[in-house]
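Down below is the structure, laid out as structure tokens.
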Amino acid sequence: MKYTICVTGKIGTGKSTVSNFFKEKGFKYINMDEIGKEVFYSKSKEIKALFGTDNRKEISKIVFTQKDMLKKLEQILHPPMLKKLENLTQNNGLYVIEAAIKRRLKITCDLTITVTCSKDVIHKRLANRGLNKSMVDKILENQSDILDEGIIIRNDYSLELLNEKLEKIFAILTKTLPC
Ligand SMILES: CC(C)(COP(=O)(O)OP(=O)(O)OC[C@H]1O[C@@H](n2cnc3c(N)ncnc32)[C@H](O)[C@@H]1O)[C@@H](O)C(=O)NCCC(=O)NCCS
Ligand SMILES: Nc1ncnc2c1ncn2[C@@H]1O[C@H](COP(=O)(O)OP(=O)(O)OP(=O)(O)O)[C@@H](O)[C@H]1O
């Protein structure tokens with residue numbers, strides 16, 4: 001039996017925190033940003049030819065301000081990323097897949113969880129990570145196709161409250177999971 005949960009949502013909403021909850025419950029964790037990074041380095045020749053660099057921060061500034069360039073980068077990275085995902089999820093088991101742009105990647109899951117919170121909260125949380133505010137806004141502009149779907153978790157509040165919500169979802173899930 002295979003069961004997949006997709007955790008989606010915009011930057012800094014709490015996807016990793018939510019995914020980690022399921023990882024601790026025994027789900028195999030797959031992070032599409034990490035898969036993207038692996039593929040990125042395997043395609044560095046192609047990427048250098050397109051951008052004149054393979055520095056991720058420099059490319060980040062280009063693609064999140066120029067939609068056509070983001071599309072070109074995605075055209076290089078997304079097909080091999082999806083292939084890797086397919087290989088990683090071949091076997092039966094419980095999987096939690098963290099993917100901000102799950103819809104754009106056309107990943108299908110048994111259950112989707114969308115994590116949301118206000119823009120102010122996103123900015124506050126990412127400031128702790130040292131992420132530049134205007135860059136976060138640029139990334140958010142490129143995430144307008146991330147829509148609420150499946151179970152929506154509002155994560156504007158404390159980690160304790162988030163955990164309570166997740167325990168409730170998990171309790172329902174364990175009653176419905178086929179194993
Ligand atoms: C643009 C790149 C080089 C920037 O790398 P960098 O290390 O600076 O940032 P990181 O990967 O941590 O991403 C920063 C934030 O942007 C988000 N993000 C990444 N790619 C995209 C995208 N194509 N569309 C919208 N948001 C994205 C991430 O989820 C994260 O919240 C890198 O994100 C990338 O190669 N993106 C294309 C691959 C992709 O689509 N990955 C998303 C998988 S969910
Ligand atoms: N309810 C909460 N209360 C306080 N801090 C939180 C809460 N949820 C998440 N955080 C913190 O906010 C930051 C962003 O959370 P997280 O990394 O889970 O988001 P993300 O959506 O995975 O981000 P990214 O898009 O960058 O991958 C982290 O430092 C995390 O510890």
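What follows is calculated from the coordinates using simple rules that are stated; it is not laboratory data. Computed from a predicted model, the values in this text were never measured in an experiment. FYI the Cβ positions are ideal-geometry reconstructions off the backbone, even for glycines, and counts take in every protein chain you see.
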How about segment 34-82: which of its residues are loosely packed, with under 15 Cβ neighbours inside 10 Å, of a type in the set (Asp, Glu) and within 15 Å of ALA99 (Cβ to Cβ)?
GLU34, GLU38
Residue in segment 2-49 that is nearest to PRO79 (Cα to Cα), counting only those that are touching a Leu at 6+ places or on another chain (Cβ under 6 Å) and among the aromatic types (Phe, Trp, Tyr)
TYR3
Close pairs from segment 6-21: first in contact (Cβ under 8 Å) with a residue 60 or more places away in the chain and more than 6 Å from ligand 2 (Cβ to nearest atom), partner among the small types (Gly, Ala, Ser) and not in a helix (DSSP H, G or I), Cβ under 7 Å, at least 6 apart:
CYS6/ALA99; THR8/ALA99; THR8/ALA100; LYS10/ALA100
Among the residues of segment 41-66, write down those that are farther than 23 Å from GLN143 by Cα and in a loop (DSSP other than H, G, I, E, B).
LYS43, GLY52, THR53
Taking segment 130-158 as the region of interest, how many residues are of a type in the set (A, V, I, L, M) and in contact with a His (Cβ under 8 Å, 6 or more places away or on another chain)?
1
Could you say whether any residue in segment 95-106 is without any contact (Cβ under 8 Å) to a residue 40 or more places away in the chain and closer than 18 Å to ILE146 by Cα?
yes
Can GLU149 be described as within 14 Å of ligand 1 (Cβ to nearest atom) and either among the acidic types (Asp, Glu) or at positive phi (or both)?
no
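For segment 113-131, how many residues are of a type in the set (Ser, Thr, Tyr) and surrounded by fewer than 17 Cβ atoms within 10 Å (Cβ to Cβ)?
1
Every residue in segment 9-40 that is among the hydroxyl-bearing types (Ser, Thr, Tyr) and not in a helix (DSSP H, G or I), please.
Filtering segment 9-40 for residues among the hydroxyl-bearing types (Ser, Thr, Tyr) gives 13, 16-17, 19, 29.
Scanning segment 9-40 gives THR13, TYR29.
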